[in-house]
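One structure is given here, and the rest of the page talks about it.
Just so it is clear, none of the values below were taken in a lab; they were calculated from the coordinates. Predicted model only: the values in this text are computed from it and were never measured. Glycine gets a Cβ as well: all are built from the backbone with ideal geometry, and neighbour counts include every protein chain shown.
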Amino acid sequence: MTEIQAGPGAAVAAAPVPGDVPAIELDNVVKEYVSHGEVVRAVKGVSLAIAEGEFFSLLGPSGCGKTTSMRMIAGFEDPTRGIVRLHGEDVTNVPPNKRDVNMVFQSYALFPHMNVWENVAFGLKRKKVPAAEIKRRVGEILEVVDLVGREKRRPKEMSGGQQQRVALARALVNRPRALLLDEPLGALDLKLRQAMQIELKRIQREVGITFVYVTHDQSEALTMSDRIAVMNDGLVEQLADPREIYERPATKFVAGFIGTSNLLSGTVQRVSGDTAVLALGHGDRILVPVDGAPSAGQTIDLTVRPEKIRIAKEQPDGDLSIVRGTVAEVVYLGTYNSYVVVLGDGAEITVFEQNAHDSTITAERGDTVWLSWQPRHSYALR
Amino acid sequence: MSRLRASLTPYLLLFPGGLWLAIFFVIPTVVMLSLSLQSGDVVNGYVFTFNWHSYVDGITTYHDQIVRSVVYGTISTVIQIVIGFPVAYWIAFKGGNRKSIYLFLLLLPFLVSFVLRTISWQFFLSDNGMLLGPLKSLGLVPEDFHILATSAAVIGGLAYNFLPFMILPIYVALERIDPRVLEAAQDLYASKTQIFLRIVLPLSLPGVFAGVLMTFVPATSDYVNASVLGGTGNTMIGNVIQNQFLINQDYPTASALSFTLMALLLVGIFVYAKALGTEDVLEVAAR
């Protein structure tokens, strides 16, 4: 494959190192607009610093402000307040055609009256790049996205996946310092989407530029990103790497939005060291690591992932969270079994049990079971 | 049974329209074609003789009116593009949620009959009318200045009367442009002018093409504007055909001239389509 970009080709990217200038920075950005006489606050104060070469995702449900945030980076929306910086330079009032970032649109937004070659060459022509160089660079990028030989096709003569790659090439050929992708895989079917996820990651490694990726699909964000900002209601709920987001969700919202989660709450009975013991009645207890020292009687919300929980018909012992309940639902899902267990107080817990050894199930509907998990797998929520 | 019905359905759907066209278009056309080849006179009647002279005589005699019709039609169409495109553009891109109100306002005058509208133009433009009267009393234009009975009046009337048929197709084409496509162009460093020239204009061409078809053809064959707003020096081929049919009752000449006009317009449309690369244009339109 062709090497596209000189410069920082290192694929490893992480949070911005203090002292380094971030590729993209949103500094307490607010976006309000008036709709039907009412002020709508789409983005309520977002601050982000995205490092050079990073694959950064903005993840959240529709209407959470992720697309608006991206459009402010691209320049299609002016922030009501706050500053947008690209490589340290304040670009808040710079129009999109003067910003050194390019965008891949949700519906691709290819020029319908131009063929693939003309679409891809559009940006270079506007920048008055010499014809010979345009020819070379368009050829190179079409090789990267595997569209050589399709130069004369019109967008509507191509499949969704091909159009997607044209859109990608059209943006990348300009060698922007950052590429913004607005739900670029949303229109593709599952198989193609998974293939394109790997493809996008490969291309990003190859060209080594910053990718900002907007999606509502948590698995997509977890698969590709170096870091993820989970957004909800115009604010960033959590900004961390995928593992951290999944394992240690910071808020109820993040825990609920990413994967399957069990949300529980309990009253602090006592604190020993950095572990609080929550009592749920009926001899059930949950151990949860805590910062600081919550006082007895305080209520704590916590989350635990279904695959961390062990299900058994006998009461286990040890320093574990242990709760007892009744199996309400058993679903066989091939690689694992899924149980829904109802606790004494009516709370429901979902448990995944790997089909590692044999395919017998531990418990049937209506059985009384004990659920247990390590203290560190309980995660107290803000 | 249901398969038979399914295969018959398209034809059944076609039937009313087909019947309509057969009775009111095909039969009159055949009758006219045969009329154009007859010879004789009003008093003794006409007989079918394969007489080509009506064509030759008609074209030589009314050469000026034919040329004038095409020229008036062309100029009025160009004027309509120049006036109509910005209007369509403004409604499509700046109309916000009042687009349908603007379109309604545009069509409002056209709820009044075509002839009445043209006659009100006649009042408006008359030598001492609403426009010229005040100008003359202020001494801004000479006393003998007139607009009626000039080619400007006829072309103006044609441009006015068919304008919505230019604006609407252009509006539809512009309205269909995905705003994200324009954003993509801006994202790819295009200035406002470049976005217009490279994206908006090419994508609006199917609309312009349709608009030209819908205005040039009726404008070229129109006779109302020339007879109401024009003078003796502004008669168009439509007026000649009307006179030959209704006043002179010279049916062969009238029919021959009608066919000549029809052939001329058809050739014009095909040349125009070819020049614009219609295949491409229609392809974009069908998107």
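Using the charge dipole of the protein assembly as shown (Lys, Arg: +1 at Cβ; Asp, Glu: -1 at Cβ; taken about the Cα centre), state which of A:THR326, A:LEU181, A:ALA42 has its Cα farthest towards the positive end.
A:LEU181
Suppose every K and R has +1 on its Cβ and every D and E has -1 on its Cβ; what is the size of the dipole of segment A:260-380 about the Cα centre, in Debye to the nearest 20?
Roughly 140 debye, rounded to the nearest 20.
Going by a ≥ b ≥ c, the root eigenvalues of the Cα gyration tensor, does the protein assembly as shown fall in the rounded group (a/c under 1.5), the prolate group (a/b larger than b/c) or the oblate group?
It is prolate, given that a/c is not under 1.5 and a/b is the larger ratio.
Taking only C-alpha pairs under 8 Å that are 6+ residues apart, what is the relative contact order of segment B:56-285 in percent?
This gives 29 percent for segment B:56-285.
Computed FRET efficiency, Cβ-Cβ of A:THR326 and A:ARG205, R0 60 Å: what is it to the nearest 0.05?
According to the calculation, E is roughly 0.75.
What residues have an amide H closer than 5 Å to that of A:GLY75, excluding those fewer than 5 places away on the same chain, when H is modeled at 1.01 Å from N in the peptide plane?
Here nothing satisfies the definition.
So which DSSP H runs in chain B come out at 15 Å plus along the axis (Cα) with average Kyte-Doolittle of at least -1.0?
Counting only whole DSSP H runs, the qualifying helices are B:2-21, B:63-94, B:114-125, B:151-175, B:201-220, B:251-276.
How big is the charge dipole of chain A about its Cα centre, in debye rounded to the nearest 20, if each Lys and Arg gets +1 on its Cβ and each Asp and Glu gets -1 on its Cβ?
With only Lys, Arg, Asp and Glu charged at Cβ, the dipole is about 1520 debye.
Rounded to whole Å and sorted largest first, what semi-axes of the equivalent ellipsoid does the C-alpha gyration tensor of segment B:56-285 yield via the square root of 5 times each eigenvalue? Mind dumping the intermediate values first?
Numbers: eigenvalues 255, 129, 42 Å².
Values for segment B:56-285, descending: 36, 25, 15 Å.
Which helices of chain A meet both criteria: a Cα extent of 15 Å or more along the helical axis and a mean Kyte-Doolittle score no lower than -1.0, with helices taken as whole DSSP H segments? Write down the numbers at each step before the final one.
Values: long enough: A:116-126 (16 Å, 0.01); A:131-144 (20 Å, 0.07); A:160-172 (18 Å, -0.24); A:190-207 (25 Å, -0.58).
Qualifying helices: A:116-126, A:131-144, A:160-172, A:190-207.
Through the Karplus equation 6.51 cos²θ - 1.76 cosθ + 1.60, θ set to phi - 60°, convert the phi angles of segment A:297-303 into ³J(HN,Hα) values in whole Hz; use x for Gly and Pro.
Along segment A:297-303, the couplings run x, 6, 8, 10, 8, 9, 10 Hz.
Enumerate the amide H contacts of A:GLU52 below 5 Å, restricted to partners 5 or more residues apart or on another chain; note that Pro and chain-start residues carry no placed amide H.
A:ALA23
Quick one: which residues, 5 or more positions from A:MET103 or on another chain, have an amide H under 5 Å from its amide H? H modelled 1.01 Å from N in the peptide plane, none for Pro or chain starts.
A:LEU180
Tell me, what is the percent relative contact order of chain A, built from C-alpha pairs under 8 Å that lie six or more residues apart?
Value for chain A: 15 percent.
Using Cα springs under 10 Å in a Gaussian network model of chain A, which residue among A:SER35, A:SER107, A:SER265 shows the largest mean-square fluctuation?
A:SER35
May I ask you to derive the FRET efficiency for A:ALA279 and A:ALA356 from their Cβ-Cβ distance with R0 = 25 Å, giving the value to the nearest 0.05?
That pair, A:ALA279 with A:ALA356, gives E of 0.15.
For chain A, what proportion of DSSP beta bridges, expressed in % and rounded to the nearest 5, is antiparallel? List each step's numbers first, then the result.
Numbers: 66 of 84 bridges.
The antiparallel proportion sits near 80 percent.
Test of understanding: in a Gaussian network model of chain A with alpha carbons linked when under 10 Å, which of A:PRO306, A:PRO184, A:PRO294 would top the mean-square fluctuation ranking?
Looking only at A:PRO306, A:PRO184, A:PRO294, the biggest GNM fluctuation is shown by A:PRO294.
Testing the spin-label approximation: label points 7 Å from Cα along Cα→Cβ at A:ASP20 and A:VAL40. State their distance in nm.
Each label point lies 7 Å from its Cα, and together they span 3.7 nm.
Once the Cβ-Cβ distance between B:ASN44 and B:ILE23 is put in as r, and R0 is 41 Å, what FRET efficiency do you end up with, to the nearest 0.05?
Efficiency computed from Cβ-Cβ geometry: 0.85.
Which whole-Hz couplings ³J(HN,Hα) result when phi for each residue of segment A:362-372 is put into the Karplus expression 6.51 cos²θ - 1.76 cosθ + 1.60, θ = phi - 60°, listed in order with x for Gly and Pro?
With coefficients 6.51, -1.76 and 1.60, one gets 6, 9, 9, 3, x, 5, 8, 9, 10, 10, 9 Hz.
Which whole-number percentage describes the relative contact order of segment A:57-181, with Cα contacts under 8 Å and a sequence gap of 6 or more?
31 percent.
Under a 10 Å cutoff between Cα atoms, tell me which one of A:ALA221, A:ALA74, A:ALA109 has the largest fluctuation in the Gaussian network model of chain A.
A:ALA109
Compare the Cα positions of A:GLY139, A:ASN97, A:TRP117 along the charge dipole of segment A:85-148 (+1 at Cβ of Lys, Arg; -1 at Cβ of Asp, Glu; about the Cα centre) and return the one farthest towards the positive end.
Farthest towards the positive end: A:ASN97.
Taking only DSSP H segments of four or more residues, each worth -39500 (n - 2.57), what value at 222 nm results for the protein assembly as shown once the sum is divided by all its residues, to the nearest 500 deg cm²/dmol?
Mean residue ellipticity, 222 nm, calculated: -13500 deg cm²/dmol.
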